[in-house]
Amino acid sequence: MVLNKRERYVFLGTACLVVLLGADRLLVKPLLKGRTASQQVLEDRQKQLADDQALLAGRTGQLARWKAMQPSFLANRAEAENQILHTVSNAAKESGLTMTSVHPGGTETGRMPQYSFQAVGTGSMAHISRFLWNLQMVQVPLRITELQLSSRKDGTDDLAVEVRFSTLCRSGTARGSQAANAQAAPARAAEDVE
């Protein structure tokens, strides 16, 4: 079968289109898909790097803040109970809240012992909000862990509040101090390297 010139051009054109279509399906589209995936991975890694750099940049500020807080940590349980009882009663007195009870709770151990307390009082919403604000502003490390607010009489601003909170204490024993020093040694070494 002999093809004339025009049929040869049509045949070559069709063959070229088939080859281009096959190259597109087998080479170009997978390469573009891989490029898109690698660009996404690169963007994710760059975002992770920026987040990590921000975390490292904030570390110095956090270390300074931590060092500034450490002197306010109470030395032992007796000091913690005494300081917290005075702090809570002063905060209640300043806010106008009537405290019905303040008593210590349990102890959680860890790197620094945590002592928990419970305070119960009555007053108006304004008194309770000022009391909570005063607790937030004290210099003693204090964390509110639970807050229950209930109405004593329906339709009035006579409320009862129960607040559970905890504070951190430095270890009062020599063994505890040695453990704290042993845990702090790697952090000091890392600071010295920087």
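The values are calculated or read from the model by the stated rules, or taken from the named source; none is laboratory data. Everything quoted here is computed from the prediction, not taken from an experiment. Note: ideal-geometry Cβ built from the backbone for every residue, glycine included; neighbour counts use all protein chains shown.
So that you can scan it fast, the table gives a plain yes or no per residue for (1) in a strand (DSSP E or B); (2) in contact with a Ser or Thr (Cβ under 6 Å, 6 or more places away or on another chain):
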| site | (1), (2) |
| --- | --- |
| HIS103 | yes, no |
| GLY106 | yes, yes |
| ARG130 | no, yes |
| TRP133 | no, no |
| VAL140 | no, yes |
| ILE144 | yes, no |
| GLY155 | no, no |
| ARG164 | yes, yes |
Would you say THR14 is modelled with pLDDT of 90 or more and outside the structural domain of SER129 (by TED's automatic domain parsing)? yes
Return the pairs, sorted by first residue and then second, in which the second residue is assigned to a helix (DSSP H, G or I), the first residue lies in segment 13-35 and is of a type in the set (S, T, N, Q), the beta carbons are less than 8 Å apart, and the residues are 6+ apart or on different chains. none
Note on segment 107-161: residues over 17 Å from ALA92 (Cβ atoms) and of a type in the set (A, V, I, L, M) are MET112
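Residue by residue, here is whether (1) at pLDDT below 90; (2) within 26 Å of ALA68 (Cα to Cα) holds:
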{"site": "THR87", "(1), (2)": "yes, yes"}
{"site": "ASN90", "(1), (2)": "no, yes"}
{"site": "ALA119", "(1), (2)": "no, no"}
{"site": "LEU149", "(1), (2)": "no, no"}
{"site": "ASP154", "(1), (2)": "yes, no"}
{"site": "SER166", "(1), (2)": "yes, yes"}
{"site": "ARG175", "(1), (2)": "yes, yes"}
{"site": "GLU194", "(1), (2)": "yes, yes"}
Checking the structure you have, find out if any residue of segment 73-90 is under 22 Å from the mean Cα position of the chain (by Cα), closer than 30 Å to ARG130 by Cα and not aliphatic (A, V, I, L, M). yes
Taking segment 108-126 and keeping residues within 27 Å of the chain's Cα centre (by Cα), surrounded by 13 or more Cβ atoms within 10 Å (Cβ to Cβ) and part of a strand (DSSP E or B) leaves GLN114, TYR115, SER116, PHE117, GLN118, ALA119
Suppose we filter PRO104, PRO113 for residues that are at pLDDT 80 or above and either in contact with a His (Cβ under 9 Å, 6 or more places away or on another chain) or under 29 Å from LYS67 (Cβ atoms) (or both); which single one remains? PRO104
Say we look at segment 150-164 and pick out the residues that are more than 35 Å from the chain's Cα centre (by Cα) and among the basic types (Lys, Arg); which of these is surrounded by the most Cβ atoms within 10 Å (Cβ to Cβ)? ARG152
